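The structure appears right after this line, and notes come after that.
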Amino acid sequence: MNLLVQTLVAGLLLGGVYALIAVGLNLIFGVVKIINFAHGELVMIAMYATFWMWTAWSLSPYISIFIITPLMFGFGVLLQRFILQPMQNSSPTIKIFVTLGLSVLLQNLALVLFGGQYRSTTFPWAEQNFSVLGVTATYGRITAFLVAIALVIALFYLMKKTLTGKVLRALAEDRETAGLIGIPVKKYYLVAMGLGTAMAAIAGVLIGPFQSVFPLAGAHFTLLAFVVVVLGGLGNMAGSLIGGLFLGAVETLAGTYIDPALQQVAVFAVFIIVLLVRPQGIFGGSARNAEVGLK
Amino acid sequence: MLQVKNISAYYGDAQALENVSLAVSESGVVALLGPNAAGKSTTLRVISGILPAASGSVTFNGEDITTASPQERVELGLVHVPEGRKLFGTLSVEDNLLLGGYCGRKDRKTGSRLERVYERFPKLKERRNQDAGLLSGGEQQMVAVGRGLMAQPKVLMIDEMSLGLAPLIVKQMFSLVQEIALEGVCVLIVEQHVQNALAVSHHGFIIESGVTRVAGTAQELMESALVRESYLGH
Ligand SMILES: Nc1ncnc2c1ncn2[C@@H]1O[C@H](COP(=O)(O)OP(=O)(O)O)[C@@H](O)[C@H]1O
Ligand SMILES: [Mg+2]
């Protein structure tokens, strides 16, 4: 029983970070209507940045996060401006090829620059245990969860209450009309891509202290984010939050009770079952799948 | 004020407009008429800049805006209420209206503009927090027009305002259009219901198959043979 609770807690803690990654992907998908297959690589880049800032300059992840996040926001804006925007009106297939190509490019860039070995950001504070009622978790994981969930909630608030959020939601719903009433559509695409990238990056920094990074680390996050988004519904932010927590739990339970090597298989199994049973996502709310070639 | 000269436009390879010209010079209501698929909505799209003109020109207060962005045109006061209302259905009534005021938000008078729209449409105030997609057709049209008014239009183009609305609501909307025009706005209405439209307009244009066929005062149009035969049925 204690093992079950312990595993579940560990899974949910991790799931909070998955939710943050997935919410970023979902924001980019919902607004810019691009399925970003390089989303996991954005997490990977932030993990490397965390590692190097810690190794080279002894900058704690909880400080470097304030440097990495704005830089990655800027990186997302540049990606949108110079890579995604020029092919905004291309066919969905072309868009998929471009982001897939980008993901391969970033993986290989990481391989050339940093080599193939696993790098761990060993930050002692993050590895200390914290226990409540017999359930134990490291500070690193607890912090990651709390920050991630706080950011997901902050994003909900932004989307619901601020003018920027309202514009983004209007764009997600009907970009032509948004343009017609005078909203600078391209500018807000930059904002959406910047925000989505920043969320992936923050997740990367938060995960840094307890997961090692290697050039292909991003692929796992891309897969996770996709499963979460499909589970929670394309364009559905609240669905992403719940889906992220669920997937974190599934992955961790499978690792503990079946076999650590089968974690990915469990994620895939969930993906396939959802696609077979309810392709519109458990919580529904899919936004114009045809536009991105999903129908 | 608004002058459209010999524009043509395409959807991909398909030509939708061949040679459309029209002018809106003074405040008041002007009607753009024509049968289904004549190119009325396409004309408005070219005027508001979401569809490029392949040839011809659009000028606004003497300024050539043929290649200006939709945003620039809204900022100049050229505002388009699209066919089918095109509200953001998952956003509240108030958020839809606020987004209509996006371009003018910097003057910090959005709040008072919103109040004016609510005075004009008290029903919308009651429903301000409801999702726009859940309103009735008439209420949705009010939000659409209200969203347009939030942009402080000098020229307000309303496409098929009365489509699908109950006769009583149609009457209300037409008198509303007259009210807006009395406040000094040029209202360009696109209508299939020729009689209703000409009754409130001082000028009218008829386009058919992407070409302007007739232009004149409402009186002239009512009396012209083409209009009497093809549109008024007598
Ligand atoms: N989005 C579109 N794509 C392709 N053709 C279109 C599109 N919208 C309208 N058309 C075509 O352009 C012509 C003019 O249409 P439209 O301007 O909507 O006419 P109206 O508003 O007068 O009914 C029609 O032949 C119509 O089929
Ligand atoms: Mg039309």
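Let's see how each residue does on (1) part of a helix (DSSP H, G or I); (2) within 16 Å of ligand 1 (Cβ to nearest atom); (3) within 14 Å of another protein chain (Cβ to nearest Cβ):
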{"residue": "B:152", "(1), (2), (3)": "no, no, yes"}
{"residue": "B:157", "(1), (2), (3)": "no, yes, yes"}
{"residue": "B:163", "(1), (2), (3)": "no, yes, no"}
{"residue": "B:169", "(1), (2), (3)": "yes, no, no"}
{"residue": "B:188", "(1), (2), (3)": "no, yes, no"}
{"residue": "B:212", "(1), (2), (3)": "no, yes, no"}
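Do you know which of the residues in region A:157-170 that are more than 8 Å from chain B (Cβ to nearest Cβ) and of a type in the set (A, V, I, L, M, F, W, C) is surrounded by the most Cβ atoms within 10 Å (Cβ to Cβ)?
A:168
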For region B:43-53, enumerate the residues that are within 13 Å of ligand 1 (Cβ to nearest atom) and in a loop (DSSP other than H, G, I, E, B).
B:50, B:51
Inspect region B:144-165 for any residue being away from ligand 2 (no atom under 16 Å from the Cβ) and of a type in the set (Asp, Glu) and give the result as yes or no.
no
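Condition first: touching a helix residue (DSSP H, G or I) at 6+ places or on another chain (Cβ under 7 Å) and part of a strand (DSSP E or B). Now tell me which residues in region A:112-135 satisfy that.
A:119, A:130, A:135
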All conditions in (1) surrounded by 15 or more Cβ atoms within 10 Å (Cβ to Cβ); (2) of a type in the set (Asp, Glu); (3) away from ligand 2 (no atom under 13 Å from the Cβ) are true of residue B:83 except (3)
For the condition more than 14 Å from chain B (Cβ to nearest Cβ) and buried (at least 24 other Cβ atoms within 10 Å of the Cβ), what is the one hit in A:198, A:178, A:150?
A:198
Cβ pairs under 6 Å, 6+ apart or interchain, first in region B:24-44 and away from chain A (no Cβ under 14 Å), second in a strand (DSSP E or B) and near ligand 1 (Cβ under 6 Å from one of its atoms), ordered by first then second residue, are B:39/B:16
When residue A:24 is evaluated against the numbered criteria (1) surrounded by fewer than 24 Cβ atoms within 10 Å (Cβ to Cβ); (2) of a type outside the set (A, V, I, L, M, F, W, C); (3) under 11 Å from the mean Cα position of the chain (by Cα), which criterion, by number, is the only one it fails?
(1)
More than 10 Å from ligand 1 (Cβ to nearest atom), modelled with pLDDT under 95 and not aliphatic (A, V, I, L, M) - does that describe any residue in region B:28-42?
yes
Only one of (1) within 14 Å of chain B (Cβ to nearest Cβ); (2) more than 27 Å from residue B:75 (Cα to Cα) fails for residue A:173. Which number is that?
(2)
Can you tell me which residues in region B:53-72 are touching a residue at least 24 places away in the same chain (Cβ under 8 Å) and either more than 13 Å from chain A (Cβ to nearest Cβ) or buried (at least 24 other Cβ atoms within 10 Å of the Cβ) (or both)?
B:53, B:54, B:55, B:56, B:57, B:58, B:59, B:60, B:61
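The values are calculated or read from the model by the stated rules, or taken from the named source; none is laboratory data. Values in this document were obtained by computation on a predicted structure and should not be read as measured data. Using ideal geometry, Cβ is built from the backbone for each residue, glycine included, and neighbour counts are taken over all protein chains shown.
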